[in-house]
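Trainee: Structure provided below as structure tokens; questions to follow.
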Amino acid sequence: MTLFGRPFQPRLWPTLIALPTFVVLLGLGAWQLVRLEEKQALIAEIEARMAAPPMPLPADLSDPALEFRRVDLVGHFLHERELYLPGKTYKGTYGQWVATPFVLRDGRTVIVNRGWVPEKYYKPESRREGLLAGEVTVQGIIRLPGWQGWDSARPDNAPAANVWYYFDLPAMAAAAGLENPVTEVHVEALGDESTGLLPIGLDRRVELPNDHLQYAITWFALAAVLLAIYFAFHLRRPTS
């Protein structure tokens, strides 16, 4: 057999190794394209939830599709029972999140992540203007609790020190001594830095990693390189 005017003689073992490897690389590239479509659909769904009009916190919170829905909470804060999540940054400055129990009109108490404070304002008395008193309305986003990373990397919360690295709502409710707590979800208060008040609410955006197109291109490129090497290896120089 000739190819490009040169003898082409495939060998058995290189072919047995290269062929399945080539198929696997193509399969990985195709799988990444499928994941790309799934991730794009998920991002579009989350954006649609966040764009929907705000609603009161539902009585039934068992539906996972409630995550990222906007809510209006009416009630009052229990500032004396703040909970702290350290190791958070805002515009490159180190600080922590402040989560505060919020008693709804219907008697339920939901934990609200009010947002970020810098290190020098950790103590509530240093930011008294932000300790909203009386009945207020809070706009926020429903979030599901729990550790979001690898289980092997999950740090231990320290309830005795009131230090929380992730939202463990039953434990946080117990540590704060809450009555009738909501433990299925918490709420992230939406940000409004222009008020000058602390904490600064979170500027919630859809930030799901979506690198599947780059991964697909990488796998397909490796398949093309393998194919080129395979043919180059088996093309023999013409004998004079």
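The values are calculated or read from the model by the stated rules, or taken from the named source; none is laboratory data. Just so you know, these numbers come straight off a predicted model, no measurement behind them. Cβ coordinates were reconstructed from backbone atoms using ideal geometry, including for glycine residues, and neighbour counts include every protein chain displayed. Note: accessible area is taken over every heavy atom of the protein model, side chains too, but ligands, DNA and RNA are not part of it. Shrake-Rupley method; radii C 1.70, N 1.55, O 1.52, S 1.80 Å.
Trainee: Filtering the stretch 66-125 down to residues that are out of contact with any strand residue (DSSP E or B) (no Cβ under 8 Å at 6 or more places or on another chain) and open to solvent by less than 40 Å² (accessible area, probe 1.4 Å), which residue is nearest to V182 (Cα to Cα)?
Mentor: Among residues in the stretch 66-125 that are out of contact with any strand residue (DSSP E or B) (no Cβ under 8 Å at 6 or more places or on another chain) and open to solvent by less than 40 Å² (accessible area, probe 1.4 Å), the one nearest to V182 (Cα to Cα) is G107.
Trainee: Ok, one more. Is there a residue in the stretch 33-45 that is more than 20 Å from the chain's Cα centre (by Cα) and in contact (Cβ under 8 Å) with a residue 24 or more places away in the chain?
Mentor: Checked the stretch 33-45: at least one residue is more than 20 Å from the chain's Cα centre (by Cα) and in contact (Cβ under 8 Å) with a residue 24 or more places away in the chain.
Trainee: If you don't mind, there's one more thing I want to ask. Starting from residues that are open to solvent by less than 30 Å² (accessible area, probe 1.4 Å) and part of a loop (DSSP other than H, G, I, E, B), keep the ones in the stretch 158-187 and report whichever is farthest from D106 (Cα to Cα).
Mentor: Looking at residues that are open to solvent by less than 30 Å² (accessible area, probe 1.4 Å) and part of a loop (DSSP other than H, G, I, E, B), I get W164.
Trainee: Please state which one of L208, L190 is open to solvent by 60 Å² or more (accessible area, probe 1.4 Å), out of contact with any Pro (no Cβ under 8 Å at 6 or more places or on another chain) and among the aliphatic types (A, V, I, L, M).
Mentor: Numbers: L190 fails: open to solvent by 60 Å² or more (accessible area, probe 1.4 Å).
Just one listed residue meets the conditions, L208.
Trainee: In addition: Please work out if A153 is open to solvent by 60 Å² or more (accessible area, probe 1.4 Å) and either more than 30 Å from D60 (Cα to Cα) or of a type in the set (D, E, K, R) (or both).
Mentor: Values: open to solvent by 60 Å² or more (accessible area, probe 1.4 Å): yes; either more than 30 Å from D60 (Cα to Cα) or of a type in the set (D, E, K, R) (or both): yes.
Yes, satisfied.
Trainee: List the pairs whose first member sits in the stretch 106-118 and is closer than 17 Å to L78 by Cβ, whose second member is among the acidic types (D, E) and open to solvent by 20 Å² or more (accessible area, probe 1.4 Å), and whose Cβ atoms are under 7 Å apart, counting only residues at least 6 apart or on separate chains?
Mentor: Final answer for the pair search is T109/E179.
Trainee: Within the stretch 8-25, can you find the residues that are open to solvent by less than 70 Å² (accessible area, probe 1.4 Å) and in a helix (DSSP H, G or I)?
Mentor: Result: P14, T15, A18, P20, T21, F22, L25.
Trainee: In the stretch 126-150, which residue that is part of a loop (DSSP other than H, G, I, E, B) and without any contact (Cβ under 8 Å) to a residue 12 or more places away in the chain is surrounded by the fewest Cβ atoms within 10 Å (Cβ to Cβ)?
Mentor: Step by step, filter the stretch 126-150, then rank; the result is W150.
Trainee: What are the residue pairs meeting all of these: first residue in the stretch 182-195, first residue among the hydroxyl-bearing types (S, T, Y), second residue modelled with pLDDT under 95, Cβ atoms under 7 Å, and 6 or more apart or on different chains?
Mentor: Nothing qualifies.
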